[in-house]
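Report on the following structure.
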Amino acid sequence: MPGKAREVQVSQRQQKILGKLSGARCTPAGLRERVRFVLTSATAEPNEHQAKRFGVDRQRVRRWRNRWVDAEPQLRAAEQQGVSEADLQRLICKALSDRSRPGGPTTFTAEQVTNIIALACEKPSDSGLPVSHWTPAELAREAVVRGIVTSISPRHVDRFLKRSRAQTA
């Protein structure tokens, strides 16, 4: 049996800002979803019902309900201090934004990635290779030969290239 969900309180100013965020076309989809969870949670609708209604898992609804409840004291204090509408909106967006996620340290510097992408822009024949187009494996070998990196997998080179294509498109 699941425990009782935490009670969500939303002030009139917060309600107004959340309403604007939920209806604005420029609001990112993830933030819009979280705003819906908060507004619906403020009506005391159980997490399980919200999850079914929005087609998500119950844990997602619970996570954002809890994050809002955790942020309520800061939001209330900001309102009591008379912060502007824009500042209150920034605080709300911050409360409903993703937290940084743990991960391993970066393996390659931005300079190394840039040099590998620049290498991919060169003709393989300039490096003495008898091919017309680079493959990730050949780029990985050439990057090591040129001393750009000490080692790199072809798959990693491919990821760099895909990421650079997405940014230029």
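Cα axis of helix 12-23 to longest principal axis of the chain: angle in degrees, 0 to 90, nearest 10?
40
Under the classification rounded if a/c is under 1.5, otherwise prolate if a/b is larger than b/c and oblate if not, where does the chain fall, given a ≥ b ≥ c as square roots of the Cα gyration tensor eigenvalues? All intermediate terms of the calculation are to be shown ahead of the outcome.
Values: a/c = 3.32, a/b = 2.71, b/c = 1.23.
Verdict is prolate for the chain.
Residue by residue, what Karplus-based ³J(HN,Hα) values in Hz, rounded to whole numbers, does the range 132-141 have, using 6.51, -1.76 and 1.60 with θ = phi - 60° and x for Gly and Pro?
8, 9, 6, 10, x, 5, 5, 5, 4, 4
Grab the chain and count how many Lys pairs have their alpha-carbon atoms under 19 Å apart, sequence gap of 8 or more, or different chains.
Qualifying lysine pairs in the chain: 4.
Using per-residue counts of other Cβ atoms within 10 Å, averaged over each peptide, order 145-152, 71-78, 105-112 from highest down.
Sorting 145-152, 71-78, 105-112 by mean packing, highest first, produces 71-78, 145-152, 105-112.
Specify the residue with the greatest mean-square fluctuation among Ile92, Ile117, Ile17, computed from a Gaussian network of the chain linking alpha-carbon atoms under 10 Å apart.
Highest fluctuation among the options: Ile117.
When the chain is fully extended, how far beyond the present Cα-Cα distance does Phe54 get from Gln15, taking 0.36 nm per residue of separation? If you can, show how the numbers build up before the last one.
Values: separation 39, 0.36 × 39 = 14.04 nm, distance 1.97 nm.
Length gained, Phe54 through Gln15: 12.1 nm.
Counting Lys and Arg as +1 and Asp and Glu as -1, each charge on the Cβ, what is the dipole of the range 108-169 about the Cα centre in debye, to the nearest 20?
240
Taking a spot 7 Å from the Cα of Ser84 along the direction of its beta carbon, which residues of the range 1-35 have an amide N less than 17 Å from it?
Inside the label zone: 17.
Per residue and in Å³, how big is the convex hull formed by the alpha-carbon atoms of the range 12-95?
Spelled out: Cα convex hull of the range 12-95, divided by residues, is 87 Å³.
Using alpha carbons only, how many degrees (0 to 90, rounded to 10) separate the axis of helix 29-41 from the longest principal axis of the chain?
For helix 29-41, the angle is close to 20 degrees.
Values quoted throughout were computed directly from the atomic coordinates according to the rules given, and no laboratory measurement underlies them. Computed from a predicted structure; not experimentally measured. So basically every Cβ, Gly included, is an ideal-geometry build from the backbone, and we count neighbours across all protein chains shown.
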